[in-house]
């Protein structure tokens, strides 16, 4: 009996550590794991349990689209990412009697890179031109509130990466739920992102960067419509190509005009803290401006900007 238990423990240990080793950096389209909006980045990426993000929900949890009170909402985001990479995103949502429909686009521009070829008979390369790698994601979303406290959402997206004359594309799916528990302001959320079949780049197959997220949020001071409120957010992330991660964030809002945010990421390789600022001037058209500063450790820091405009 003891031998059987010992063998089972050895097999379990080998399988567990072997799986952890094998899944590290094994997926493609990893640009889909990068936070898109400034508000999400400022909160340490803990944002799927937020219900007031309007069209930006396309990038986090499509279920939050169902809670929007705007007829139309539009946003643009920009970040000068590490290594001189440019990160662009835009989204639009329409609130209809049949539910909320949305479209979101993400573009990663890696800039110009030299194209080289090996010189015959030598161990050197010569530059014969340049090429511009790019990554693209276009998603269509639908969300609907089934009750005044529960909403679901789905997203279908086309993703593509291109390097010189070579490219690879695929179709992926996101799905999520958002639920107000009735315990104070506590809401819980869950979603899965980037679910799809494996793809192949030239002769090398790879899997998708699937993520399972579980999150919760609640006001610990005041209520959402109070002059002053403090909201805390926490999120656990299971990735297909990395170890589990945890994110936490807090935002303090004054009269829904000025919001200060901070977040922290646990069990990341380089990313740690983030801070941000949000402005929501009371105008005829709802306009919100968000700014986020994220620390990537030895890779440097990233500044993100998001502008969102709505129509009630």
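Readers should treat all values here as calculations from the given coordinates under stated rules, not as data from a laboratory. The structure presented is a predicted model; accordingly, all values stated were derived computationally and were not measured. Cβ: placed from backbone, ideal geometry, glycine included. Neighbour counts: every protein chain shown.
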request  = Would you mind getting me the FRET efficiency between residue 243 and residue 282? Use the beta-carbon distance for r and R0 = 30 Å, nearest 0.05.
outcome  = 0.10
key: Cα-derived Rg to Rh of the range 157-219, Kirkwood definition   = 1.23
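Is it possible to state the helix-based mean residue ellipticity at 222 nm for the chain, with each DSSP H run of 4+ residues giving -39500 (n - 2.57), the sum divided by total residues, to the nearest 500 deg cm²/dmol? What is it?
On the way: 2 runs with 27 residues, N = 312.
Dividing the helical sum by the residues of the chain leaves -3000 deg cm²/dmol.
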remark   = the chain -> Rg/Rh from Cα coords, Kirkwood Rh, value 1.03
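For the range 2-311, what is the relative contact order in percent, using Cα pairs closer than 8 Å and at least 6 residues apart in sequence? Let's see the in-between values first.
Details: 860 pairs, mean separation 59.7, N = 310.
Averaging sequence separation for qualifying contacts and normalising by length gives 19 percent for the range 2-311.
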task = Once you have all Cα-Cα distances for the range 155-312, histogram them in 5 Å bins from zero and send the whole-percent values.
result = 2, 7, 12, 13, 17, 19, 13, 8, 4, 2, 1, 0
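At a Förster distance of 25 Å, what's the computed FRET efficiency of residue 33 paired with residue 223, Cβ-Cβ distance as r, to 0.05? Working shown, then result.
Values: r = 33 Å, r/R0 = 1.34.
The calculated FRET efficiency here is 0.15.
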note = Checking rank on 282-295, 258-271, with mean other Cβ inside 10 Å and highest first, the result is 258-271, 282-295
note = Rounded to the nearest 10, the angle in degrees between the Cα long axis of helix 2-23 and the longest principal axis of the Cα atoms of the chain comes to 90 degrees
ask   = Which percent of Cα-Cα pairs in the range 127-246 sits in each 10 Å bin, short to long?
value = 11, 29, 29, 18, 9, 3, 0
request  = Provide the gained length on full extension for the span residue 272 to residue 197, in nm with one decimal, where the gain is 0.36 nm per separating residue minus the Cα-Cα distance.
outcome  = 23.9 nm
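Tell me, what is a quarter of the convex hull surface for the C-alpha atoms of the range 44-102, in nm² with one decimal? Walk me through the numbers on the way to the answer.
On the way: hull surface 16.9 nm².
Hull-based average projected area comes out at 4.2 nm².
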request  = Just order 46-55, 112-121 by mean Cβ neighbour count inside 10 Å, highest at the front, would you?
outcome  = 46-55, 112-121
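Given a Förster distance of 45 angstrom, what is the FRET efficiency for residue 252 paired with residue 127, based on the Cβ-Cβ distance and rounded to 0.05?
On the way: r = 52 Å, r/R0 = 1.15.
Calculated transfer efficiency: 0.30.
Subtracting the Cα-Cα distance from 0.36 nm times the residue separation, let me have the gained length for residue 101 to residue 115 in nm, one decimal. Don't jump to the answer; show the numbers that get you there.
Details: separation 14, 0.36 × 14 = 5.04 nm, distance 4.17 nm.
So the chain would gain 0.9 nm between residue 101 and residue 115.
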